[in-house]
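Asker: I have a structure I would like to understand better, so I am pasting it below and will then ask my questions one at a time.
Coordinate-derived values only; no laboratory data. Keep in mind it's a predicted model, so treat the numbers as computed, not measured. In this analysis, Cβ positions are derived from the backbone assuming ideal geometry, glycine residues included, and neighbour counts consider all displayed protein chains.
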Number of protein chains: 2
Amino acid sequence: MIKTIVKDIYKNKESFMNKEIELSGWIKKIRDSKNFGFIELNDGSFFKGIQIVFERNIIENYDEIAKLSIISSIIVEGKLVKSEGKGQDFEIKAKNIKVIQKADLEYPLQNKRHSFEFLREIAHLRPRTNTFSAVFRVRSLLAHAIHSFFQEKNFVYVHTPIITGSDCEGAGEMFRVTTFDLNNIPKNDKGEIDYKEDFFGKETNLTVSGQLNVETYCMAFRNVYTFGPTFRAENSNTARHAAEFWMIEPEMAFANLDLNMDVAEEMIKYVIKYLLENAKEEMEFFNKFIEKGLLDKLNNILNNEFSRVTYTEAIDILLNSKKEFDYKVEWGIDLQTEHERYLAEEYFKKPVFVIDYPKEIKAFYMKLNEDGKTVRAMDLLAPGIGEIIGGSQREDSLEILEKRMAENGLKEEDYKFYTDLRKYGSVPHSGFGLGFERMVMYVTGMSNIRDVIPFPRTPKNADY
Amino acid sequence: MIKTIVKDIYKNKESFMNKEIELSGWIKKIRDSKNFGFIELNDGSFFKGIQIVFERNIIENYDEIAKLSIISSIIVEGKLVKSEGKGQDFEIKAKNIKVIQKADLEYPLQNKRHSFEFLREIAHLRPRTNTFSAVFRVRSLLAHAIHSFFQEKNFVYVHTPIITGSDCEGAGEMFRVTTFDLNNIPKNDKGEIDYKEDFFGKETNLTVSGQLNVETYCMAFRNVYTFGPTFRAENSNTARHAAEFWMIEPEMAFANLDLNMDVAEEMIKYVIKYLLENAKEEMEFFNKFIEKGLLDKLNNILNNEFSRVTYTEAIDILLNSKKEFDYKVEWGIDLQTEHERYLAEEYFKKPVFVIDYPKEIKAFYMKLNEDGKTVRAMDLLAPGIGEIIGGSQREDSLEILEKRMAENGLKEEDYKFYTDLRKYGSVPHSGFGLGFERMVMYVTGMSNIRDVIPFPRTPKNADY
């Protein structure tokens, strides 16, 4: 008797054939035909289940088993044999079935189609469905692919802080972190809140980005990356926004924008390839049931070199397109999703980097170009989604950085650690940010961010 | 001319020998002997630097280079040659050196010994020192080793929520998350705070553990793990406590406590082996300068099977030890560090699992043993640190779990998602928690948790 798991049987079926094996798992489907019955057993190890055939003249407790409801947990002993039936190459001919638990009949996930909205309300059970099993296994594999990509390239993984004391990141949209008793907030002599009394002795918030922090480590390790949760207290209830999401932010020293684009392109291709190889069944499921053409879309990315255009060229392309856009196109505007999708889907028909944006619409830390008007920003636009990566070469001149900070109304003392990097061994450096959930949505075809996060946090919702 | 990095030269020195190469990096040391000079160049890619020899009759801008201060950034072109000097096997004979930035002379990290306390105040610069370069590269490698271990074993990585709406996790020590204007907190008719008006429509906190959440995914994927930040608002200023730290929490279905111990032991050995193979230079540095005997300690772990004793046996060992402990030993006490260290260091002289603790000192979700007095808990105690892992088999009987919850004063409605798991296909399952920073400290020999977190958060401190 070999104790094994369903995944190992699929991966090495020849070596298990005609052997006595033991499996433990949950009943996904069950059918009783009086003297024999069929169970589809799922043991969590693999996207697919395995068929168990059980016969009255072999199974002692036949009636107990035949009456089990779905999701009941069992241990099966039997022989792996070739299957005569349709739909599977092999099955288990059971010798012995032991019940671990007879499931409650009120199980909300009976075998019928459930809407994603309904499943969000039972977020603790939905990973047991095909769709969410596929989504969350792919999410896990994608996370590991990202780590593997950067680790193989000698990048150092840096845990930048979640609780941040710098109130300089755009305070309006941040979550406050405090241990104050909200019924009794300490005040100072002037009647102002006395943050000295709070846990950290000052105002603290949840981070919106690890970039400025990780740049400090970039100056030590050359190539670094973050991969952690970030937060936005934006009160927007859309299919693409969550209050809590994960972000990947690589940063490279001695790297200009070209190298930045090279690495971003290589990363996207690496992780897609990883998923196609390691989540074959799940990706086929998405292609069939979630987004028809998904595999073509991903293969198109794998097989093409990404395009690269400047913002100025992109504006010209849009102006010459003769398309009616909702938002008027002119040099200086921030590109809207409709513009981004036109560029990626209709014009280039593959991912395209747009670089050198007007400085007014980009962050202060992006390197100013010699024209004095544009900065070394890059956005990667992809067919089917629009912007998927945003990044830049960083300003490495202390003088220009301080000027840009002043223009943006930033206080020097808040950024001393950041300007120090330009005093002590400044080098050209670049990096980008990838929203992890955006990427999960892109590779699975799922269209609501609530359906790619195990327990999503959105306005008025922090269940579980 | 081959553009390369220092790490690649160390790893493939023969293939670079006598070749023209280009390196970019920072000056770690510089010495000018009038007609020739030496630079130790560090490029961030490797723990060690490389020696550059530059000569007046070759280098055009000899005087500019000779006057550079440390941490100045440069690009060097030259030939890799065998070194005649002591201390290195090879060096670069420079042909051309270009200055990227001449560093400010006030650089606080001059080449002398700095105290760890001082370095904490310049947390943005300290990864440039040998010690912190070693610590944070090992931290990164350790994180990846943990992911690789679980992914190779088909565990699904689950991002459990950081912001949690369940106020049932021991509210006293949690950080509140809110978007309330603290000067103007909305109240309801009764004058109570109106949490319906807060961002999530209820009270929310930062998570202290992902375990209960991840158990729900365990019932779908069989083997799962979390690896994310967790928080404690404990006002304790010790070398072992931080308000924000990362935790790994694997959870396995169809797994009893024995399997739980097997996996914990295998994981510890896997990650130590990974570090000894992938961070050789750093581990030797720790062994020499941070904790003498570190490598022996780690090899002792690798080469021994961990011991396993029950709590009751452990109490007997302590009672028979004839040692004077500060805390009196008797059945029912929570083991103190002195007891844990005696067991691991003096009695077993290797890691030991202590299992089956009195239920009164352990969490409600741990599986009750048949004796009705003890639960299937396990703590792993290791020489040199004490407890490093805590885990248990979970209660899988709905009836007993509900009784234990009532005994602990927990409300059923807060845990409906958790008891559902015992209604719908309950199975034996087990898991454990590993404090990531505790593990980093253990493998590096660093004794203060502030020195293994890039930007540590502790009472009255959330700098950067």
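Asker: Just tell me how shielded B:190-202 is by partners: mean number of partner chain Cβ atoms within 10 Å of each residue's Cβ, no decimals.
Answerer: If you average over the peptide's residues, the count of other-chain Cβ atoms is 3.
Asker: Go through the range B:357-431 and name the chymotrypsin sites (Phe, Trp or Tyr not before Pro) that are in a DSSP coil and have 13 or fewer other Cβ atoms within 10 Å of their Cβ.
Answerer: none
Asker: How high is the FRET efficiency from A:LYS323 to A:ASP89, r the C-beta distance, R0 45 Å, rounded to 0.05?
Answerer: 0.35
Asker: In Å and whole numbers, how far do the C-alpha atoms of the range A:194-242 stretch along each principal axis, longest first?
Answerer: Result, largest extent first: 39, 36, 12 Å.
Asker: Tell me the volume per residue, in Å³, of the convex hull enclosing the alpha carbons of the range A:198-351.
Answerer: Expressed per residue, the convex hull around the Cα atoms of the range A:198-351 is 204 Å³.
Asker: Bin by bin, in steps of 5 Å, what percent of the Cα pairs in the range A:420-464 do you find, going until the bin that has the longest distance?
Answerer: 5, 16, 17, 12, 12, 7, 6, 10, 11, 2
Asker: Considering only Cα-Cα distances, which of the following residue pairs are longer than 23 Å: B:LYS328/B:LYS373; A:LYS7/A:LYS98; A:LYS153/A:LYS362; B:LYS82/B:LYS112? List each step's numbers first, then the result.
Answerer: On the way: B:LYS328/B:LYS373 21 Å; A:LYS7/A:LYS98 21 Å; A:LYS153/A:LYS362 29 Å; B:LYS82/B:LYS112 29 Å.
Check vs 23 Å cut-off fails for A:LYS153/A:LYS362; B:LYS82/B:LYS112.
Asker: Also: For the protein assembly as shown, I need the span (max minus min coordinate) of the C-alpha atoms along each principal axis, in Å, sorted largest to smallest.
Answerer: Sorted from largest, the Cα extents of the protein assembly as shown read 95, 85, 70 Å.
Asker: Follow-up. Shortest first and in nm to one decimal, what separations exist between A:ASN235 and its copies in the other chains, measuring from label points 7 Å along the Cα-to-beta-carbon line?
Answerer: 3.3
Asker: When ranked by the protection proxy of mean other Cβ atoms within 10 Å per residue, highest first, what sequence do the peptides B:448-456, A:185-193 form?
Answerer: Working: B:448-456: 22.1, A:185-193: 10.7.
Highest mean packing first, the order is B:448-456, A:185-193.
Asker: Still on this structure: In degrees from 0 to 90, rounded to the nearest 10, what is the angle of the helix A:130-152 Cα long axis to the longest principal axis of chain A?
Answerer: 50
Asker: What order do you get for B:311-322, A:367-378, A:105-116, A:65-76 when each peptide is scored by the mean count of other beta carbon atoms within 10 Å, highest first?
Answerer: Peptide ranking by packing, descending: A:65-76, A:367-378, B:311-322, A:105-116.
Asker: Sticking with this structure for a sec: Give me the extension gain from B:GLU407 to B:SER33: residue separation times 0.36 nm, minus the current Cα-Cα distance, reported in nm with one decimal.
Answerer: 126.8 nm
Asker: Further question: How big is the shadow of the Cα convex hull of the range A:354-464, averaged over all directions, in nm²?
Answerer: 9.7
Asker: If we restrict to alpha carbons, what Rg and Dmax does the range A:117-169 come to, in Å?
Answerer: Rg, Dmax (Cα atoms, Å): 17.0, 44.
Asker: Right, here's the next one. Give me the one-decimal nm value for the distance between modelled label points at B:LYS82 and B:GLU345, 7 Å along each residue's Cα-to-Cβ direction.
Answerer: 4.8
Asker: Here is a follow-up. Report, for chain B, the % of DSSP beta bridges that are antiparallel, rounded to 5.
Answerer: 85
Asker: Given just the C-alpha atoms of the range B:242-317, how large is their convex hull per residue in cubic angstrom?
Answerer: 175
Asker: Continuing with this model, one more query. Using a Förster distance of 51 Å, how high is the FRET efficiency between A:ASN183 and B:ASN111, based on the Cβ-Cβ distance and rounded to 0.05?
Answerer: Taking R0 as 51 Å, the efficiency between A:ASN183 and B:ASN111 is 0.40.
Asker: Placing a label point 7 Å from Cα toward Cβ, how far apart in nm is A:PHE116 from its equivalents in the other copies, listed shortest first to one decimal?
Answerer: For A:PHE116, the other copies' label points sit at 4.8 nm, shortest first.
Asker: Which number comes out as Rg/Rh for the range B:1-141 once both Rg and the Kirkwood Rh are worked out on C-alpha atoms? Mind showing how you got there, number by number?
Answerer: Working: Rg = 15.3 Å, Rh = 15.8 Å.
For the range B:1-141, the value is 0.97.
Asker: I need the P(r) histogram for chain B: all alpha carbon pairs, bin width 10 Å from 0 out to the longest distance, whole percents.
Answerer: Bins of 10 Å from zero give 4, 16, 23, 22, 16, 11, 6, 2, 0 percent of pairs.
Asker: Still on this structure: May I ask for the distance between the Cα centers of the range B:284-343 and the range B:390-464, given as a whole number of Å?
Answerer: 23
Asker: Output the antiparallel fraction of DSSP beta bridges having both residues in the protein assembly as shown, as a percent to the nearest 5.
Answerer: Among the beta bridges of the protein assembly as shown, antiparallel pairing accounts for roughly 85 percent.
Asker: Tell me, rounded to the nearest percent, the portion of alpha carbon pairs in the range B:61-146 spaced more than 16 Å apart. Spell out each step's value before the answer.
Answerer: Details: 2518 of 3655 pairs.
So the pairs more than 16 Å apart make up 69 percent of the total in the range B:61-146.
Asker: Give the average over all directions of the projected area of the C-alpha convex hull of the range A:69-113, one decimal, in nm².
Answerer: With every direction weighted equally, the projected area is 4.3 nm².
Asker: May I pose another question? Say a label goes 7 Å from Cα toward Cβ at A:LYS34 in every copy; what distances in nm does this one have to the rest, shortest first?
Answerer: The projected label point of A:LYS34 is separated from its counterparts by 11.1 nm.
Asker: To continue, here is another question. Given N residues in the range A:278-408, what is Rg(Cα) / (2.2 N^0.38 Å)? Please list the in-between numbers first.
Answerer: Working: Rg = 17.5 Å, N = 131, 2.2 N^0.38 = 14.0 Å.
So the range A:278-408 has a normalised radius of gyration of 1.25.
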